[in-house]
Amino acid sequence: MRTPPSLVSLAIDSALAHLSNISDLSFLPDHILIDLFLKTLRAGKLTEKILKLFIATGKEEVLSHIEALNIQLVLTPVLPTSKKNLRMSQIIDDNDVDIVIGALHPDLTSFLDEWRPVFSRFHLIIVKDPDLKDELTIPGGFNLHVYTKSDIDKAVGSASTASLFSGYSCRYFGYLISQKKYVVSIDDDCIPARDNNGGLIDAVAQHISNLTTPATPFFFNTLYDPFCKGADFVRGYPFSLRSGVTCALSCGLWLNLADYDAPTQALKPGQRNSRYVDAVLTVPVRTMLPVSGINIGFNREVVGPALLPALRLAKEGKFRWETVEDIWSGMCVKVVCDHLGVGVKSGLPYVWRKERGDAIESLKKEWEGVKLMEDVVPFFQSVRLSQAAVTPEDCVIEMAAAVKERLGPVHPVFARAAEAMVEWVKLWKVVRTQLSP
Amino acid sequence: MAQTSASPTPLLKDELDIVIPTIRNLDFLEMWRPFFQPYHLIIVQDGDPSKIINVPEGFDYELYNRNDINRILGPKASCISFKDSACRCFGYMVSKKKYIFTIDDDCFVAKDPSGKDINALEQHIKNLLSPSTPFFFNTLYDPYRDGADFVRGYPFSLREGVPTAVSHGLWLNIPDYDAPTQLVKPLERNSRFVDAVMTIPKGTLFPMCGMNLGFNRELIGPAMYFGLMGDGQPIGRYDDMWAGWCMKVICDHLGWGVKTGLPYIWHSKASNPFVNLKKEYKGIYWQEELIPFFQAATLSKDCTTVQKCYLELSKQVKAKLGKVDDYFIKLADAMVTWIEAWDELNPPTGSAELPNGKGK
């Protein structure tokens, strides 16, 4: 039988998980400091900021360890910028980011282990699908909070839990209670992809880069993202449009199993996406797109309430091609972004989506989602919001009214979606008020 | 990765003309020989008509210099620019083929990341022969490419797409920057190979570069007028931009698609940024008015042909942009002259006798 962990080792583990919140380590006894240092190394959490913390203690043993391992501070040279007044991608504070994971599978060990080099710096919100019966298995070494059905019930009432947060939509609870500026969400059946050189792609860093550099929705740049290194605006691009606008949503892509609907997946069971398209581009204003929830990042402070769980299929299932909630949510966000004058980007980063499910089995259920798109897309392409709608909440309420009026009569699922949108905004206001200090 | 064997791209050698404007020489054609030799070339010689332009052996071509343009068009030749590559649109007008590919004489064959030579013409043909999807953005880009498809959420009713009118290619090495950007970043080179073709959504304008461009002449030809540039004009280097904005408004109105992305060519020559600045100077200010004009431009329902669309656009140019500068009044008139010349050289029944240029 294993010896239970000592209080000291538990304390060190806890310190490791919350390292980003610690500003001074010099009070620690030497042997504990060394232990913490070695554990930090093993966990892959030695960032520049944390290395400086250890160096600042001045303790000889730590310093000799650093020297022996030849660990060096990486100095980023300050380069003159040729783009005056344009916001370049800032180094963001880890504290500004929440990684929200909807757990549809109980065992998150391999998922989190694969993402460890990318996720371990950040705070994670893990929301367990209320329909999932088994206990979650989560490996250690992360700074995270887990929310289960009872937590959600307590926060919003069990009726809302059932109508809004089951299945893939459980992640929206995470968006609701997050306190951070940026949120990144990745499906729990995806692992980091590798780029053409074999290096691990840090999807979170790319989403943050997308969200902290301007978007350019008013005119198309043929060299894609002009704020990317080695690119710029092309000849013919008006100068008045070159400062861009805030990017509120970043839509990533998928290698291996692309996000196809069930009919397409069933028709081409062997097709795998192996094409790495090295581009990020802004989706132009008034252009609608199908936003896949598999791999996204967004600025919660700018558009948070507009990402919402509303369109639930009668036979919604636990495979992405048995849902359309994210497609609906994405189009709401796009309309809101277009109205508020902020941008949406699509392209990098890629994640690797694992094989799962049988599309043909899914086809035996109704093709409900596929059929509904015929009504959904024209609606979002034509919906117009009033000048009075100045916040995302206002926009969602106006959209819900339009959904009820124009789509409600077409299919009951739309009437329910309109109700869900209104309920969501109410919840958002209530929960946000409770959360603010 | 194993590629499923797709049907080979048709050569279209009797349906496509390659239009090349030149003022110096055509040595660059040697590098393109393996890809261009099957096709008919239309060479538009700008500048001094007494200069002899050497065309490499073995190419089937017709060549037009300024004297030919004046002879063929008579007074209407005033709409064709002089001392600017905008003169290339004369080549579109005299061509009898369904498709046009146009390329600058400082553009060479590029290599893809695997080191293989890129057959730019073949990619343009692929782009033009497969549909476009301007009504809804596909996040996996061109769904008709091998290995791609429409993503979840894409309505099935939109999956047939619409005819592709224009295929806009890109450039490795010297990117197509304006003069101010060139001055600030003289050393920047485009080394990013973006393996995508995508449809530019309806209602979205873009800067169309004429360096590496393919289009369906039967569909959109009359809209591809490259404007009044160069000698005697207050502006240069906006020929392709002008054509691109007019073309996009018309394509959006008539329900056709415009693609951008692959293929890449290797752009070898960086033109003098100070010379460019002089040419572009007015354009940089004017484009601030031009973009809102084109973004707001609407065409009436009875504009059912490209010519009608173009003529209506010319009226709007005169009315609204005439206030910006007198140049636009001249340009609007030239747009009308262009359509008249186009219709003369391309009558519907094709019974008119057309004078030929010098050729093999």
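Could you list A:Arg286, A:Arg275 in order of exposure, starting from the residue whose Cβ has the fewest other Cβ atoms within 10 Å? Provide the component values of the computation, followed by the final result.
Working: A:Arg286 15, A:Arg275 18.
Ranking A:Arg286, A:Arg275 by Cβ neighbours within 10 Å, fewest first, gives A:Arg286, A:Arg275.
Could you give the dipole magnitude of chain A about its Cα centre, charging the beta-carbon of Lys and Arg +1 and that of Asp and Glu -1, in debye to the nearest 20? Write out the running numbers ahead of the final one.
Numbers: 47 positive and 50 negative charges, 183 e Å.
Computed charge dipole of chain A: roughly 880 debye.
What distance in nm separates the simple spin-label points at B:Lys96 and A:Arg42, each placed 7 Å from Cα in the Cβ direction?
With each label point 7 Å from Cα toward Cβ, the separation is 8.2 nm.
Among B:Met224, B:Phe156, B:Leu172, flag the residue with its Cα farthest along the positive direction of the charge dipole of the range B:126-283, charges on Cβ as +1 for Lys/Arg and -1 for Asp/Glu.
It is B:Leu172, whose Cα lies furthest towards the positive end.
Give the separation of the Cα centroids, the range A:223-248 to the range A:302-352, in Å.
If you average the Cα positions of each part, the centres end up 25 Å apart.
Counting other beta carbons within 10 Å of each Cβ, put B:Lys51, A:Lys45 in order, fewest first. It would help to have the intermediate numbers written out before the result.
Details: B:Lys51 12, A:Lys45 19.
Going from least to most buried by this count: B:Lys51, A:Lys45.
Explain nothing, just the number: dipole magnitude of the protein assembly as shown about its Cα centre with +1 on each Lys and Arg Cβ and -1 on each Asp and Glu Cβ, in debye rounded to the nearest 20. Numbers along the way, then the final one.
Values: 86 positive and 93 negative charges, 161 e Å.
So the magnitude is around 780 debye.
What percent antiparallel are the DSSP beta bridges of the protein assembly as shown, to the nearest 5?
Details: 36 of 86 bridges.
Rounded to the nearest five, the antiparallel share is 40 percent.
Looking at the range B:74-148, what % of the alpha carbon pairs are farther apart than 21 Å? It would help to have the intermediate numbers written out before the result.
Values: 1471 of 2775 pairs.
Tail fraction, whole percent: 53.
When only C-alpha pairs under 8 Å and at least 6 residues apart count, what is the relative contact order of the range A:99-142, in percent? Intermediate results must be reported in sequence, preceding the final value.
Details: 51 pairs, mean separation 25.3, N = 44.
Computed over the range A:99-142, the figure is 57 percent.
With Rg and the Kirkwood Rh both taken from Cα atoms, where does Rg over Rh land for the range B:101-202? Walk me through the intermediate numbers first.
On the way: Rg = 16.0 Å, Rh = 15.7 Å.
Rounded to two decimals, Rg over Rh is 1.02.
Which entries of A:Lys334/B:Lys308; A:Lys315/A:Lys404; A:Lys49/A:Lys180 show an alpha-carbon separation above 31 angstrom in the structure shown? Intermediate values should be presented prior to the final figure.
Working: A:Lys334/B:Lys308 35 Å; A:Lys315/A:Lys404 21 Å; A:Lys49/A:Lys180 20 Å.
A:Lys334/B:Lys308, as the Cα separations exceed 31 Å there.
Based on Cα coordinates alone, diagonalise the gyration tensor for the range B:208-360, multiply each eigenvalue by 5, take square roots, and list the semi-axes in whole Å, largest first.
Working: eigenvalues 120, 93, 61 Å².
So the three semi-axes of the range B:208-360 are 25, 22, 18 Å.
Compute for chain A: radius of gyration divided by Kirkwood radius, i.e. Rg/Rh, restricted to C-alpha atoms, rounded to two decimals. Walk me through the intermediate numbers first.
On the way: Rg = 23.0 Å, Rh = 23.4 Å.
Reported Rg/Rh (Cα atoms, Kirkwood Rh): 0.98.
Expressed as a whole number of Å, what is the distance separating the alpha-carbon centroids of the range B:160-174 and the range B:41-62?
When both Cα centres are located, 27 Å separates them.
Going by how many other Cβ atoms sit within 10 Å of their own, how do B:His267, B:His40 line up, fewest first? Can you show the working numbers first?
On the way: B:His267 23, B:His40 19.
Exposure proxy ranking, most exposed first: B:His40, B:His267.
Only residues of the range A:377-399 count here: report those whose backbone N is under 17 Å from the spot 7 Å along Cα→Cβ of A:Arg406, or say none.
Residues A:377-389, A:395-399 qualify, since their backbone N sits under 17 Å from the label point.
Order A:349-356, A:178-185 from most to least packed using the mean count of other Cβ atoms within 10 Å.
Final packing ranking: A:178-185, A:349-356.
Per q in 0.10, 0.14, 0.18 Å⁻¹, report the Debye log10 I(q)/I(0) for the range A:126-267, using one uniform scatterer on each alpha carbon and no solvent.
-0.54, -0.93, -1.19
Run through every distinct alpha carbon pair of chain B and return the Kirkwood hydrodynamic radius in angstroms, one decimal place.
Details: mean 1/r = 0.0476 Å⁻¹.
The Cα-based Kirkwood calculation yields 21.0 Å.
If you place +1 on the Cβ of every Lys and Arg and -1 on the Cβ of every Asp and Glu, how big does the dipole about the Cα centre of the range A:133-212 come out, in debye to the nearest 20?
On the way: 7 positive and 9 negative charges, 61 e Å.
For the range A:133-212, the charge dipole is close to 300 debye.
Can you give the average number of partner chain beta-carbon atoms within 10 Å of each beta-carbon in peptide A:285-292, as a whole number? Walk me through the numbers before you get to the answer.
Working: counts 3, 4, 9, 5, 8, 11, 4, 5.
Counting other chains' Cβ atoms within 10 Å and averaging over A:285-292 gives 6.
Over chain B, what relative contact order in percent results from Cα pairs under 8 Å that are six or more residues apart? Walk me through the intermediate numbers first.
Details: 663 pairs, mean separation 73.1, N = 360.
Value for chain B: 20 percent.
P(r) of the range B:128-281 in 10 Å steps, Cα pairs, percent per bin?
10, 35, 33, 17, 4, 0
For the range B:177-245, what is the convex hull volume of its Cα atoms per residue in Å³?
In the range B:177-245, the Cα convex hull volume per residue is 144 Å³.
Put +1 on the Cβ of every Lys and Arg and -1 on every Asp and Glu Cβ in chain A; which of A:Leu144, A:Val245, A:Tyr168 then has its Cα farthest towards the positive end of the dipole?
Working it through, the farthest residue towards the positive pole turns out to be A:Val245.
Just the projected area, averaged over all directions, of the convex hull on the alpha carbon atoms of the range B:254-331: how many nm²?
Numbers: hull surface 30.3 nm².
Average projection, Cα convex hull of the range B:254-331: 7.6 nm².
Counting only pairs 8 or more places apart or on different chains, how many lysine pairs in the range B:1-125 have C-alpha atoms closer than 15 Å?
Values: B:Lys13/B:Lys96; B:Lys13/B:Lys97; B:Lys13/B:Lys98; B:Lys51/B:Lys83.
Lysine pairs, 8 or more places apart or on different chains, close enough: 4.
Taking the alpha-carbon distance from A:Lys318 and a cut-off under 23 Å, which lysines remain once sequence neighbours fewer than 8 residues away in the same chain are dropped?
Straight-distance partners of A:Lys318: A:Lys128, A:Lys133, A:Lys149, A:Lys268, A:Lys354, A:Lys364, A:Lys365, A:Lys371.
I'd like the antiparallel share, as a percent to the nearest 5, of DSSP beta bridges with both residues in chain A. Numbers along the way, then the final one.
Working: 17 of 42 bridges.
Within chain A, antiparallel bridges account for around 40 percent of the total.
With equal scatterers on the alpha carbons only and no solvent term, can you work out the Debye log10 of I(q)/I(0) for the protein assembly as shown at 0.08, 0.10 1/Å?
Calculated log10 I(q)/I(0) at the listed q: -0.74, -1.07.
Given a Förster radius of 41 Å and the C-beta distance between A:Ser26 and A:Asp131 as r, what FRET efficiency does 1/(1 + (r/R0)^6) yield to the nearest 0.05?
Result of the calculation: an efficiency of 0.25.
Normalised by the number of residues in chain A, what is the relative contact order in percent for Cα pairs under 8 Å and 6+ residues apart?
Working: 714 pairs, mean separation 63.6, N = 437.
RCO, chain A: 15 percent.
How big is the gap, in Å, between the Cα center of the range B:98-153 and the Cα center of the range B:238-267?
Going from one Cα centre to the other spans 13 Å.
Report the Cys residues of chain B lacking a disulfide-compatible partner, meaning no second Cys Cβ under 4.7 Å from their Cβ.
Cys with no partner Cβ under 4.7 Å: B:Cys79, B:Cys87, B:Cys89, B:Cys107, B:Cys209, B:Cys246, B:Cys251.
Share of antiparallel DSSP beta bridges in chain B, in percent to the nearest 5?
So the antiparallel bridges in chain B amount to around 45 percent.
Going by a ≥ b ≥ c, the root eigenvalues of the Cα gyration tensor, does the range A:231-348 fall in the rounded group (a/c under 1.5), the prolate group (a/b larger than b/c) or the oblate group?
Values: a/c = 2.68, a/b = 1.41, b/c = 1.90.
Oblate, since a/c reaches 1.5 and b/c is not below a/b.
Which residue, chosen from A:Val377, A:Ile22, A:Leu255, occupies the Cα position most advanced towards the positive end of the dipole of chain A, where the dipole is computed from +1 (Lys, Arg) and -1 (Asp, Glu) charges on Cβ about the Cα centre?
Most positive-ward Cα: A:Val377.
Only the coordinates and a few stated rules stand behind these numbers; no lab work does. Keep in mind that this is a model prediction, so the values were computed, not measured. Heads up, the Cβs are rebuilt from the backbone with ideal geometry, glycines too, and the neighbour counts pull from every protein chain shown.
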